[in-house]
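Notes for the one structure printed next.
Laboratory data are not the source of any read-out in this text; all were calculated from the coordinates shown. Note that the structure is a prediction, hence the values are computed from the model and not measured. Cβ coordinates were reconstructed from backbone atoms using ideal geometry, including for glycine residues, and neighbour counts include every protein chain displayed.
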Amino acid sequence: MSQNLPALLVVVPMLLAPLAALLNRSGPAWAVATAGIWFSFVTAIQLLQRVMAEGAITYAMGGWAAPIGIELRIDLASAFVVVIVSSIGAIGVLYARTSVAAEISEDRHALFYAALLLNVCGLLGISVTGDMFNVFVFLEISSLSAYSMIALGQDRRALTSAFQYLIMGSVGATFIVIGIGLLWVMTGSLAMMDLAERIPMVWESGQGDRTIAVAFTFLTVGVTLKLALFPLHLWLPNAYTYSPSAVTGYMAATSTKVSVYLLMRFFFTVFGKEFSFEQMQLDMVLMPLALVAILAMSLVAIYQTNVKRLLAFSSVAQVGYMVLGISFGSVLGIAAGIIHLFNHAVMKGALFMAMGCVMYRIGSVRIEDMKGLGKAMPWTMGAFVGGGLSMIGVPLTVGFVSKWYLVQAALAEGRWFVAAIVMVGSLMALIYVWKVVEVAYFQRREDEAEIREAPLGLLIPTYALVAASFWFGIDAGTTSSVAISAAETLLGVMP
Amino acid sequence: MDDRVILRVGTKILSPFILLFALYVQFHGDFGPGGGFQAGVIFAAAFVLHALVFGLGNAVKVMPPKVAYVCGAGGVALYLAVGYLSMFRGGEFLNYSYLFGVYGYEHDPTHGQHIGIIGIELGVLITVFGVMVALFYAFAGRRRIDP
């Protein structure tokens, strides 16, 4: 069976999703979801090891080889993203048991777990496929399940924010499919590796080069909408604020990351770095937007009164860091972007999960309601501080590792200004994390004695992520060496 | 619509033909335009027509929401089951050529390909049909119809 692992990674969660829906009871559906996502996690680790040892793995779906059939292609970059998604999913599903029981009505639990499995399946599918249209299909699977999970939030505004995300997400998906369609018209191929060979031929022939440029633009705008790059981020804050806590923690750590991966896949594998950065001058577009995202969204985050919303705006700022790394177009820059994919997933997951614990006990995540929680829920707020330190970029946390590589990449190109903005972004993160910490630790509340610590079912997964954010901050060699090799594979400069 | 005789009788006459046409589209999908998705929509259309003419209450008796729910999930499972079966028999996921044949006996791979495509198209039909009916119930019912 080991040669089928790339397919099983995706189709096991896919098969278990209808099974969870058919079981239609909370406990069994959760057990099925846990089994499926943990299977994917174990498979992902195995695949990563195999890719590191042997190089890219390909798998022909249905026995049809690449340009005609659909090919799954796992190289180092995709294996790394697959590990991120499945590990966060594996921790998220453990967290979901308690959190979902408190926040979602009993009769919808089975459907929730089915949607979660489909979301994992879609995100993993995007990461491993080597076929452009397949990307779109998996993107829709993951997006549709995400909309329905967001709509399950307690607050009635969850419905409008899910609808807003549905509209924006569908526009993004339509742009992507238009881009794919234009590429197909010009080259007659949908397989990524095949396109990578054919696009330069069409471009150089001079016939239809404008179509290729338009396709490139459509794909860029579509994917940046999905990953919430600065001016296209409007769906994200509401979606993250009003969705159930378990969904926020899981989605914030995975869905935008996969879109960032997709952006890299399109720019570097399908179109090639030379086309993207020299002919289309992508860096001139992405870098200013990323810098504005870091500054403006951090500033907006400072003024939020709802902590989930604050963290959501901070996510948009953090996406700015990842895109900034990509916009350098150098191995170091892209590696910084990839490292930040993982690091941000870990720390933002921890922060949102800590907020889920607060939600579980006091039913609100507004800053003024969090007075005195440092005393009432010491472990929960401890996790928040741990994640917050990472957000700021304190040494020995993953946040520091990301910023270190990002600043190095900026300095390697002599862009002092960019490095300075990264630093300013860190300082702004200090302000918004401190805002919460100050209220929680230095203000008193009357009913302090009545509030108990969050249950272990929530705390253990939260602390797993907090621990990871310190572990990979201290032992940064593992992630950064994988990320650097992944960046080299993407750029095609093998060592 | 108790007094609209033409509508009631017309629906009764049409319904079996709509269902039959759905199956025609389904099996035609192997060779030409058509297939599970279109067939599923047409199949569901018969039930939607029934609900429009005879009322939602009667339609729910013919096709309980629970059945639509199970169809929606079951079809996907059938589709994937074909994929898994071909994988367990030594081929890639969804490689129908491996669906038939015992060790030692060479079996014509085209048999597997025929049955395989029918199997997955049937899965698509069942899912699309179930989801279409469930969607109609969701929009038509004023309150939520629980599966």
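Here the gap between A:THR217 and A:GLU197, fully extended at 0.36 nm per residue and compared with their Cα-Cα distance, gives a gain of 5.3 nm. Between B:ASP30 and B:THR110, the contour length at 0.36 nm per residue exceeds the Cα-Cα span by 27.5 nm.
Computed over the alpha-carbon pairs of region A:196-240, the distance histogram in 5 Å steps reads 5, 20, 19, 16, 11, 11, 9, 6, 3, 0 percent, short to long. Helical content alone sets the calculated 222 nm signal of the protein assembly as shown at -26000 deg cm²/dmol, taking -39,500 (n - 2.57) per DSSP H segment of four or more residues and averaging over every residue. So, R0 is 22 Å and r is the distance between the beta-carbons of A:ARG452 and A:THR305; what FRET efficiency does that work out to, to 0.05? That gives a FRET efficiency of 0.30.
Close amide H pairs (under 5 Å, H built 1.01 Å from N) link A:GLN443 with A:GLY372, residues at least 5 positions away or on another chain. Compactness of region A:281-495, taken as the C-alpha radius of gyration over 2.2 N^0.38 Å, stands at 1.06. Any chance you could check the Cα centroid distance between region A:140-191 and region A:24-38 for me, in angstrom? The distance from the Cα centre of region A:140-191 to that of region A:24-38 comes to 26 Å. Cα extents for chain B along the principal axes, largest to smallest and rounded to whole angstrom: 66, 30, 20. Centre-to-centre separation between the Cα atoms of region A:374-396 and those of region A:46-100: 31 Å. Site pair A:VAL394 and A:GLU204 shows an inter-label distance of 5.5 nm when each label is modelled 7 Å from Cα along Cα→Cβ. Proximity of backbone amide H atoms, modeled 1.01 Å from N, is registered between A:THR129 and A:ARG73 at under 5 Å, excluding neighbours fewer than 5 places apart on the same chain.
Compactness ratio for region A:18-110: Cα radius of gyration over 2.2 N^0.38 Å (N = residue count) comes to 1.36. Within the straight-line cut-off of under 18 Å between alpha carbons, none of the lysines are reachable from A:LYS273, sequence neighbours fewer than 8 places apart in one chain being disregarded. Working from label points 7 Å from Cα in the Cα-to-Cβ sense, the A:PHE163 to A:GLN3 distance is 5.2 nm.
Extending 7 Å from the Cα toward the beta-carbon at both A:TRP379 and A:GLN46 defines two label points whose distance is 3.3 nm. Rounded to the nearest 0.05, the FRET efficiency derived from the C-beta distance between B:LEU23 and B:VAL67 at R0 = 22 Å is 0.75.
Only the Cβ atoms of Lys and Arg (+1) and of Asp and Glu (-1) were treated as charged; on that basis the dipole of region B:5-140 about its Cα centre amounts to roughly 720 debye.
Placing unit charges on the Cβ atoms only, positive for Lys and Arg and negative for Asp and Glu, gives chain A a dipole magnitude near 860 debye about its Cα centre. Computed from the Cβ-Cβ distance with R0 of 51 Å, the FRET efficiency linking A:ALA53 to A:GLN154 stands at 0.65. The largest-to-smallest principal axis extents of the Cα set in the protein assembly as shown are 75, 67, 50 Å. For the listed residue pairs A:LYS371/A:LYS403; A:LYS226/A:LYS435; A:LYS375/A:LYS403; A:LYS371/A:LYS435; A:LYS226/A:LYS403; A:LYS308/A:LYS403, the alpha carbons are over 21 angstrom apart in A:LYS371/A:LYS403; A:LYS226/A:LYS435; A:LYS375/A:LYS403; A:LYS226/A:LYS403; A:LYS308/A:LYS403.
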